[in-house]
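The values are calculated or read from the model by the stated rules, or taken from the named source; none is laboratory data. Treat the numbers as computed from the prediction; the structure is a model and nothing was measured. Please note: Cβ atoms are built from the backbone with ideal geometry, for glycine as well, and neighbour counts cover all protein chains shown.
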Amino acid sequence: MKNYLLLTLVGLLIISCNSKSKVEQEIEKIPIDVEIIRFDKAFAKATPNDLPQLKKEYPSFFPEQYNDSIWIDKITDTLQNQLEEEVFKVFPDNSSLTDVLVPLFQHIKYYFPKFKTPAVVAATSDVDYRNKVILADSLLIIAVDNYLGSEHEFYKGIERYIAKGMKPSQVGPDVAAAYSKHYIKPPKQRRFLEQIVYYGKQLYLKDLWLPAVSKAEKIGYKEEEYQWAEENEEYMWRYFIEKELLYSTDPKLAARFVNPAPFSKFYLEIDNESPGMLGRYLGWKIVNAYMNNTDTSVQQLMVTKADEIFKNSKYKPKK
């Protein structure tokens, strides 16, 4: 009986390995060494007397225009101390970050061979959710106090549509979004089509770089929000076409359909049912259709114009 169970487990392992595509098997072989510097822990352990040494070790985190008294106040601040304690509960060591970043960097390296692994720094930011991830040259800073969990008490004063993305599982999508900006040629025109295709490219890269992450997580939706978009894809597309929005330069369209928001603004009864950023969702569909219908490489996609992508995508929403 024991031998039978052992053979069954081995068989399942072999099937699991074989189920991975050749591309994924190649990606897993790419050597990536991620060093994660826990500035958040170093700062939390520091006393006012340790400040000179801390500034010497981490000069980038101590701008010269700020007086030492500011940092001393922060080191001894009760709220800051509570924030640090909550961070250590979610990220007690580097394992959860490493588990996300190593495969992500492997995938980026596969599709963009010139990619160089950055030095990664975990820090706190007074819950600055507008700058959860900062990428500068060879340095990647992750403000880990923005990933404590959507329902965390520290996020009670933050709009729900923002707080829903403040959870550990969003580290990968947020880092991927930051890196995508290094590869995607930004739109030169203000047309709505340019904007949604830009984000469509970003989401397409997330599909390549984060194959184990759900579609909903990639765009920052709850599962039910993504399902709503799937079920209403044809209706939304018909609305965009009938209202002639694709080639419009109306600046309000970004706020209505592209920027993070509690819902999209069709100015109809369905608004309160809809998730925000539905323009990004449709841009994603267009880019996917384009890549499925052409032999374009990923690198070429990054610089291909929105008009060409839309024209050759032959995109049709599913009914």
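Assorted remarks:
- Qualifying residue in the stretch 227-249 (condition: polar (S, T, N, Q), assigned to a helix (DSSP H, G or I), under 25 Å from the mean Cα position of the chain (by Cα) and surrounded by 13 or more Cβ atoms within 10 Å (Cβ to Cβ)): yes
- Consider the stretch 172-212 and keep the residues that are assigned to a loop (DSSP other than H, G, I, E, B) and among the hydrophobic types (A, V, I, L, M, F, W, C). The one that is surrounded by the fewest Cβ atoms within 10 Å (Cβ to Cβ) is 212.
- Residues (assigned to a loop (DSSP other than H, G, I, E, B) and either under 28 Å from residue 114 (Cα atoms) or free of Cβ contacts under 8 Å to residues at least 60 places away in the same chain (or both)) located in the stretch 125-150: 125, 126, 127, 128, 132, 137, 138, 147, 149, 150
- Identity of the residue in the stretch 69-99, of a type in the set (Val, Ile, Thr) and within 22 Å of the chain's Cα centre (by Cα), that ends up surrounded by the most Cβ atoms within 10 Å (Cβ to Cβ): 87
- Residue match in the stretch 262-273 (condition: crowded, with 18+ Cβ neighbours inside 10 Å and touching a residue at least 40 places away in the same chain (Cβ under 8 Å)): no
- Any hit, the stretch 156-164, residues being in a helix (DSSP H, G or I) and buried (at least 19 other Cβ atoms within 10 Å of the Cβ): yes
- Exclusive hit being over 17 Å from residue 206 (Cα atoms) and in a loop (DSSP other than H, G, I, E, B), set 257, 266: 266
- Of the residues in the stretch 101-120, at least one is in a helix (DSSP H, G or I), β-branched (Val, Ile, Thr) and either at pLDDT 95 or above or in contact with an Asp or Glu (Cβ under 9 Å, 6 or more places away or on another chain) (or both).
- Here residue 216 fulfils each of the conditions (1) assigned to a helix (DSSP H, G or I); (2) over 27 Å from residue 27 (Cβ atoms) apart from (2).
- Checked across the stretch 275-284, the condition of being more than 17 Å from residue 197 (Cα to Cα) and under 26 Å from the mean Cα position of the chain (by Cα) holds for at least one residue.
- Residue ID - nearest to residue 89 (Cα to Cα), chosen from residues in the stretch 151-189 that are in contact (Cβ under 8 Å) with a residue 40 or more places away in the chain and among the aromatic types (Phe, Trp, Tyr): 154
- Cβ-Cβ distances below 8 Å connect the following pairs, each with a first residue in the stretch 298-319 that is of a type in the set (Asp, Glu), a second residue that is at pLDDT 95 or above, and a separation of six or more residues or different chains: 307/193.
- When the stretch 59-68 is filtered for residues that are free of Cβ contacts under 8 Å to residues at least 24 places away in the same chain and either outside the structural domain of residue 134 (by TED's automatic domain parsing) or surrounded by 12 or more Cβ atoms within 10 Å (Cβ to Cβ) (or both), the ones remaining, listed by number, are 62, 68.
- Within this structure, residue 223 passes the test of being in contact with a helix residue (DSSP H, G or I) (Cβ under 6 Å, 6 or more places away or on another chain), loosely packed, with under 14 Cβ neighbours inside 10 Å and assigned by TED's automatic domain parsing to the domain that holds residue 198.
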